[in-house]
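Peer 1: My questions will all concern the structure given below.
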Number of protein chains: 2
Amino acid sequence: MRLACVQFAPTFADLDANTDRIVADIERIDADVIVFPELATSGYFHIGPHEVARIAEPLDGPHISRIVSAAESASKVVVCGFAEVHQGTFFNSSVIAGKGLAQPQVYRKTHLFYKETLGFAPGDTGFFVIHLEHLDCHLGMMICYDWRFPESARTLALKGADVVVCPSNLITHIWRMAMPVRALENKVYLAVANRTGAEHNNNEDVSFNGQSAIYSFNGSVLADAPEHGDAVIITEILPHETRIKSFNSINDIIKDRREERYW
Amino acid sequence: MRLACVQFAPTFADLDANTDRIVADIERIDADVIVFPELATSGYFHIGPHEVARIAEPLDGPHISRIVSAAESASKVVVCGFAEVHQGTFFNSSVIAGKGLAQPQVYRKTHLFYKETLGFAPGDTGFFVIHLEHLDCHLGMMICYDWRFPESARTLALKGADVVVCPSNLITHIWRMAMPVRALENKVYLAVANRTGAEHNNNEDVSFNGQSAIYSFNGSVLADAPEHGDAVIITEILPHETRIKSFNSINDIIKDRREERYW
């Protein structure tokens, strides 16, 4: 299957322009699964409920509906971060939609970073895995700061993920050390779609460091993007190759876990 | 505090010679905590209960007693891997003894690797942390293949470890990618004392890849050893600097965990 990550700098609060761009990418990029950054429709640094309210929409809202329709029309699977409002609560969410999905599904970011906590509620979906039958692929989502907790990717692996995708707005560099290990320690593919650019709000600057990457299940880099500028990275992966978690006649990195000894 | 790892190739099944060497190292190395490899008194590749029985001893057995005495006499803390027999059961264990410990404590390896499973029982101690008051240090042990499970170091960090020590007989190279991330993801120091050399048993060869290393809590290498040959690495560390797990005014890598969402 062909897996792609799109790296770009969303225009702050311009949902129409960002959606135009995302839809055009969905149409033009030759891949089975296309991953966009966190909060790709809105930009990142919306602080507090009043600002988040201006950019949030439900899963069937106008911009996400356009993205879902584009994915379905193109017969592709799309993962895209957006600001969601659900029953009056705001979430930093990621939609997965398109080919093979009867309806769009949403993952709500479990671990909130910094001032996200002022506008968004902690995710209530937990980590889950989608079976994409036409791709023989079990796909799980996490978002950005979820990487900091080995429990996130681990939970997805325990639920059967072959591929973990991670829409991101990463601002530090330390994730570059850890992300390949999330792949290695779980024997899963891992795709990080990170944004670029900078934003300013309430006397504070945040800048995002690109370097979107797709890691193989041994932690090696299959494709990566530069720190600055738009990029699309695409690689061919074989999801079923992640499923045998044994590496000799005795050991298996999942079955060898001794959960009663943890925490 | 001064933390040291000793890298060497134990002589297979020669407990006297290995203990001589370990005791001499304890006396000569200028450090507060000295970490030796896994199964340092016996060598590694003893297959099955009959072979393990020949090298195993209780925590108060003759060789471990010499090591404990040397640690106490030198007013140092020593961590050393050995084959333990306890109430008729064999464990791949690590003793910690010396200054500040009323009596030696033992950690029994939680995750057994390959043919260790034929001779040893899975550890029954779980992961625990020792408070070394004179060093203002909370120290936890894991052994070799325990690294493969992020839950090991995580459990130690959740129990308050500032420093994780990891006596090892590592035979692959992938741990070099993951060990610094174990330090980073938990904000703990991590010391890997690995052995070198090769062993042969039952038509099978194993060779060990040295590269003992001490990582800071940001994942950077503070000291490391070459792949081949004996080495002692020593570095000064500040255990209390690991304890503030927050990194901005809102986030904390331990408090931000959402355990109800894991597994």
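The values are calculated or read from the model by the stated rules, or taken from the named source; none is laboratory data. Owing to the predicted nature of the structure, the values given are computational and were not obtained by experimental measurement. Every residue, glycine among them, receives a Cβ derived from its backbone with ideal geometry; neighbour counts consider all protein chains shown. Side chains included, ligands, DNA and RNA excluded: accessible areas come from the protein's heavy atoms. Shrake-Rupley method; radii C 1.70, N 1.55, O 1.52, S 1.80 Å.
Conditions (1) in contact (Cβ under 8 Å) with a residue 24 or more places away in the chain; (2) open to solvent by 10 Å² or more (accessible area, probe 1.4 Å); (3) more than 15 Å from A:GLN7 (Cα to Cα), marked per residue:
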{"position": "A:ARG176", "(1), (2), (3)": "yes, yes, yes"}
{"position": "A:VAL188", "(1), (2), (3)": "yes, no, yes"}
{"position": "A:ASN194", "(1), (2), (3)": "yes, no, no"}
{"position": "A:GLY197", "(1), (2), (3)": "yes, yes, no"}
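Peer 1: Determine if segment A:107-122 includes at least one residue that is among the small types (Gly, Ala, Ser) and part of a helix (DSSP H, G or I). Walk me through how you get there before you give the answer.
Peer 2: Within segment A:107-122, the subset among the small types (Gly, Ala, Ser) is A:119, A:121.
Next, only the ones that are part of a helix (DSSP H, G or I) stay: A:119.
So far as segment A:107-122 goes, yes, one or more of its residues are among the small types (Gly, Ala, Ser) and part of a helix (DSSP H, G or I).
Peer 1: Could you count how many residues in segment B:134-146 are closer than 21 Å to A:ILE254 by Cα and more than 9 Å from chain A (Cβ to nearest Cβ)?
Peer 2: Filtering segment B:134-146 down to residues closer than 21 Å to A:ILE254 by Cα leaves B:142-146.
Filter once more, so that each one left must be more than 9 Å from chain A (Cβ to nearest Cβ): B:142-144, B:146.
Result for segment B:134-146: 4.
Peer 1: Can you name every residue in segment B:231-263 that is crowded, with 16+ Cβ neighbours inside 10 Å and away from chain A (no Cβ under 14 Å)?
Peer 2: Those that are crowded, with 16+ Cβ neighbours inside 10 Å and away from chain A (no Cβ under 14 Å): B:ALA231, B:VAL232, B:ILE233, B:ILE234, B:THR235, B:ILE237, B:PRO239, B:THR242.
Peer 1: Another question about this same structure. Every residue in segment B:199-230 that is at positive phi, over 17 Å from the mean Cα position of the chain (by Cα) and open to solvent by 10 Å² or more (accessible area, probe 1.4 Å), please. Full working, then the answer.
Peer 2: Narrowing segment B:199-230 to residues at positive phi: B:202-203, B:210-211, B:219, B:229.
Okay, now just the ones that are also over 17 Å from the mean Cα position of the chain (by Cα), so B:202-203, B:219, B:229.
Hits for segment B:199-230 are B:ASN202, B:ASN203, B:GLY229.
Peer 1: A further question follows. For segment B:93-120, enumerate the residues that are farther than 26 Å from B:ARG243 by Cβ, crowded, with 19+ Cβ neighbours inside 10 Å and within 14 Å of chain A (Cβ to nearest Cβ).
Peer 2: Within segment B:93-120, B:ARG108, B:LYS109, B:HIS111, B:LEU112, B:PHE113, B:LYS115, B:GLU116, B:GLY119, B:PHE120 meet the criteria.
Peer 1: For segment A:94-106, give me each residue that is in a strand (DSSP E or B) and at negative phi. Write out each step before concluding.
Peer 2: Our first condition is that a residue be in a strand (DSSP E or B); within segment A:94-106, this holds for A:94-98, A:105-106.
A:SER94, A:VAL95, A:ILE96, A:ALA97, A:GLN105, A:VAL106 - these are the residues of segment A:94-106 that are in a strand (DSSP E or B) and at negative phi.
Peer 1: Please enumerate the residues belonging to segment B:56-65 that are surrounded by fewer than 23 Cβ atoms within 10 Å (Cβ to Cβ), under 19 Å from the mean Cα position of the chain (by Cα) and not in a loop (DSSP other than H, G, I, E, B).
Peer 2: B:GLU57, B:HIS63, B:SER65
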